[in-house]
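The values are calculated or read from the model by the stated rules, or taken from the named source; none is laboratory data. All of these numbers come straight from a predicted model, not from anything done at the bench. Cβ coordinates were reconstructed from backbone atoms using ideal geometry, including for glycine residues, and neighbour counts include every protein chain displayed.
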Amino acid sequence: MHKPNMSLVKTPVPTQDMAVRMANFNEVELGYSKEQAMAEAARCLNCPGRYCAASCPINTPVPEFIKLIRDGDLSGAYKVISDANPMASFSCRVCAQERQCEINCTRGIKGEPTAIGRLERFVTDWHRLNKMDISKEAEKPERNGKCVAVIGSGPAGLACAERLAQAGYAVDIYESRPYAGGIPAYGIPNFVLPEDILAEYLEYLTDLGVAIHLNKTVNGDFSVKYLLEHGSDAVFVAAGAGRPVRLEIEGETLPNVYSAEDYLLAAKRNPDLLRQADHRTVIVVGGGNTAIDVCRNAKRFGAEKVYLLYRRTRKEMPARQTEIRYAEEEGIEFCFLTQPVRIIGETQVTGVGCIRMELCDPDYPCGRANVRPLLNQEFILEADALVASLGHEPIPMEGLPVDAAGYVKVNKDGISTSLDGVFAGGDITGGEATLIGAVAAGKKAAQAIDKYLNK
């Protein structure tokens, strides 16, 4: 019988020293030791309601894997996690656990909830360290003679491909970029998600027999119809919403105005470009995890001042609370209830004209508060670079049913389309724009395609 840990606070996780972490792009949190993980696992009450698991978008059996940690069965804990979530080593680092599994943890009623995300990371990291080459675990299942095409190699496409390959399908992934992985490959910094995790996962998929074709664009190199007519028994469209939303304000075409996607891509693939740019003052517009990632990258590339403009308050920010806290520690200056109205400069950015906002009633009960500008509350912030992080919108795809906003329309099951053999999921359908939401969509698509092909 294990002695419960009745501490009201989470077991602290070791972190890099501030001076050290600002000089590198490594993860801030160093992760639990086995002793720390078992101490934190002992805080779980294993309550019969399983409210944490019910709140997980992919239904990870949380109490079960935590109990296995407490019992010292780390291999068993990994199996429970990975059976539910094919990309757990990703999601444990980027999920907003405070708004998902941990928000309904019984321990959170009096004190802090159990550190579910940290425990999940401990197990997946343990597995990676003790299985130095996870691709060696991949045993190619016997082929069933059927082939599925997956358009897009982001989390939705990868999760779908893994599950189908494990079920014996031949899977071809078509990716428009010169590298696979979607947002984890180009939009998440290494200090949040180390790139070797993605590299190992892609190697694992390759060893499962998944073929990844790069620089292949839908409507350019092929169409959905072409795939169905040339060997694919079903198609899963998981191309994401690939076009950054613009600010639509004066000066947006000036040099040194970036989309978050372009900035983060340069940070990972061409860092010397940002180092040589010498951006001393950077303004970032947005309130999500991507905006926070841009801010923290800018600091590491030498920016003296970084402002984050968000038109609502901190309470409404969709970014993870952990990332917000780390950004504050690193010197990011948050300007809440602030919206840019024009970008100033002739040959490059010299400043941003802003206006103060105030919250007002939402469009519907329990909805998010709206905002409106205050009269005579304009001001200017000096800057030599601006990065817009406002999300993405879909790029229309020929031959697919879309709604008025350009998202692929799916049936009531949330995954099939009106075209026989064609399925869609993730951001391209206007679904929840989170990594775990995309993984859940990929997993659901694999189940639906398997059922369709064996009906």
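Some points to look at:
- The residues on offer are THR11, THR15, and the sole one that is surrounded by fewer than 18 Cβ atoms within 10 Å (Cβ to Cβ) and more than 21 Å from the chain's Cα centre (by Cα) is THR15.
- Residues in region 119-129 that are among the hydrophobic types (A, V, I, L, M, F, W, C) and out of contact with any Leu (no Cβ under 7 Å at 6 or more places or on another chain) were compared, and the one that is modelled with the lowest pLDDT is LEU129.
- Single residue of region 216-270 satisfying the filter (surrounded by 14 or more Cβ atoms within 10 Å (Cβ to Cβ) and among the charged types (D, E, K, R)) that is farthest from LYS443 (Cα to Cα): GLU252
- Helices (runs of 4 or more DSSP H) contained in region 245-331 and holding at least 3 residues within 23 Å of the chain's Cα centre (by Cα): 260-269, 289-300, 321-329
- Answer residue from region 30-55, given it is out of contact with any helix residue (DSSP H, G or I) (no Cβ under 8 Å at 6 or more places or on another chain) and not in a helix (DSSP H, G or I) and is surrounded by the most Cβ atoms within 10 Å (Cβ to Cβ) among those: SER33
- Sole exception among (1) out of contact with any Leu (no Cβ under 7 Å at 6 or more places or on another chain); (2) assigned by TED's automatic domain parsing to the domain that holds PHE301; (3) surrounded by fewer than 19 Cβ atoms within 10 Å (Cβ to Cβ) for LEU381, by number: (3)
Residues are listed down the side, and each one gets a yes or a no for (1) hydroxyl-bearing (Ser, Thr, Tyr); (2) assigned by TED's automatic domain parsing to the domain that holds LEU202; (3) surrounded by 21 or more Cβ atoms within 10 Å (Cβ to Cβ); (4) modelled with pLDDT of 95 or more:
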{"position": "ASP83", "(1), (2), (3), (4)": "no, no, no, yes"}
{"position": "ALA88", "(1), (2), (3), (4)": "no, no, yes, yes"}
{"position": "ALA96", "(1), (2), (3), (4)": "no, no, no, no"}
{"position": "GLU112", "(1), (2), (3), (4)": "no, no, no, yes"}
{"position": "GLY117", "(1), (2), (3), (4)": "no, no, yes, yes"}
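- Residue match in region 395-418 (condition: under 18 Å from the mean Cα position of the chain (by Cα) and among the small types (Gly, Ala, Ser)): no
- Members of region 360-378 that are touching a Leu at 6+ places or on another chain (Cβ under 9 Å) and under 29 Å from GLY187 (Cβ atoms): ALA369, ASN370, VAL371
- Condition broken by ARG314, with the remaining ones in (1) under 21 Å from LEU390 (Cα atoms); (2) surrounded by 19 or more Cβ atoms within 10 Å (Cβ to Cβ) satisfied: (2)
- Looking at LYS409, LYS444, LYS455, just one residue is more than 18 Å from ILE58 (Cβ to Cβ), touching a helix residue (DSSP H, G or I) at 6+ places or on another chain (Cβ under 9 Å) and of a type in the set (Lys, Arg), and that residue is LYS409.
Results for (1) touching a residue at least 24 places away in the same chain (Cβ under 8 Å); (2) among the hydrophobic types (A, V, I, L, M, F, W, C), shown as yes or no for each residue.
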| position | (1), (2) |
| --- | --- |
| VAL80 | no, yes |
| ALA84 | yes, yes |
| PHE90 | yes, yes |
| ARG93 | yes, no |
| GLU98 | yes, no |
| ASN104 | yes, no |
| ILE109 | no, yes |
| ALA115 | yes, yes |
| ARG118 | yes, no |
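- Across region 214-235, not a single residue is classified as touching a residue at least 40 places away in the same chain (Cβ under 8 Å) and within 21 Å of the chain's Cα centre (by Cα).
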